[in-house]
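Below is one structure, written out as structure tokens; comments come after it.
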């Protein structure tokens, strides 16, 4: 579907814009997940960290994520207005002008990439720039309204922060960094589709071709199951590649069983409550996986390297 | 309908909040550049061996 309403058509602000509205443009909840996964990548690199440069890296990644959020809210204001979940956002609600969100997004993008390049290293800056571009342009402008594979391909943007963190710490992005990226990449479809099974009326009204809208609920439940079957073994892999230790292995194994059980139940029983349960569990699952890796690396627990 | 006086006051308060947020942001930026410069200069000065 083509974008029919330009962001400039959004009515001018009626309520005064408070500073909190500009913070909301940065999608602070998404930002907190990005910070957490980037921090895990930073520590997993296993190199001595300069605290100032480590903090600067995390700040740049957080601001970069916020900038893509602002650009997304600018471009998507027309469809955000049509969906219950998003109609209270500052631009569709008329508290912040679309042009202001655009200006803020561009300024913060330049700031975050520029500081990352000058203070940390060019690989991390390049990966951060690619992440912002991928979310704001490839996902938001090209894919979201065009294909039900929007969140599969676009999920790469949300998956990249651990690699940016790793590159910021070490100046390189080895296989283990991309393994973390792959885990988030394959986690995104079951996570998002479980949510979209409960909010598909919203997407239908806004004309966003989410999988439940275009292919129906049975196909979506099958796709959730397929991606879960790829994700769970993949999440065990860090214990075999010298990245995860015994705590990680235990969490990946137990969490994986829980994830698969919920995906199978959703596929079989077709209940919306199961979709909600899987959505909530997917957040806990990813959080625990990355918390285990972060905790092990901070505490100095030796990784298992079962394949070495 | 809301009182125009209250409305003006709400706008003034919101603007003042935005101004303070921008001030804090700019100060944080200046401090960040200063600290990064010290860190990078410090590292390079010891690396040269002079």
Quiz item: If you go through the stretch A:1-51 one residue at a time, how many are at pLDDT 90 or above, surrounded by 16 or more Cβ atoms within 10 Å (Cβ to Cβ), in a loop (DSSP other than H, G, I, E, B) and more than 14 Å from every other protein chain (Cβ to nearest Cβ)?
Solution: 2
Exercise. Name every residue in the stretch B:1-36 that is at the interface with chain A (Cβ under 9 Å from one of its Cβ atoms) and more than 20 Å from residue A:22 (Cα to Cα), in order of residue number.
Key: B:7, B:32, B:33, B:35, B:36
Quiz item: Looking only at helices (runs of 4 or more DSSP H) that fall completely inside the stretch A:67-176, which ones have 1 or more residues that are within 14 Å of chain B (Cβ to nearest Cβ) and more than 14 Å from the chain's Cα centre (by Cα)?
Solution: A:98-115, A:122-133, A:161-170
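Which of the residues spanning the stretch A:152-191 are more than 28 Å from residue A:122 (Cα to Cα) and touching a residue at least 60 places away in the same chain (Cβ under 8 Å)?
Selection gives A:187, A:190, A:191.
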Practice problem: Return yes when residue A:235 is more than 17 Å from residue A:178 (Cβ to Cβ) and surrounded by 22 or more Cβ atoms within 10 Å (Cβ to Cβ) and no when it is not. | Solution: no
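The values are calculated or read from the model by the stated rules, or taken from the named source; none is laboratory data. Remember, predicted model here, so these are calculated numbers, not experimental data. Please note: Cβ atoms are built from the backbone with ideal geometry, for glycine as well, and neighbour counts cover all protein chains shown.
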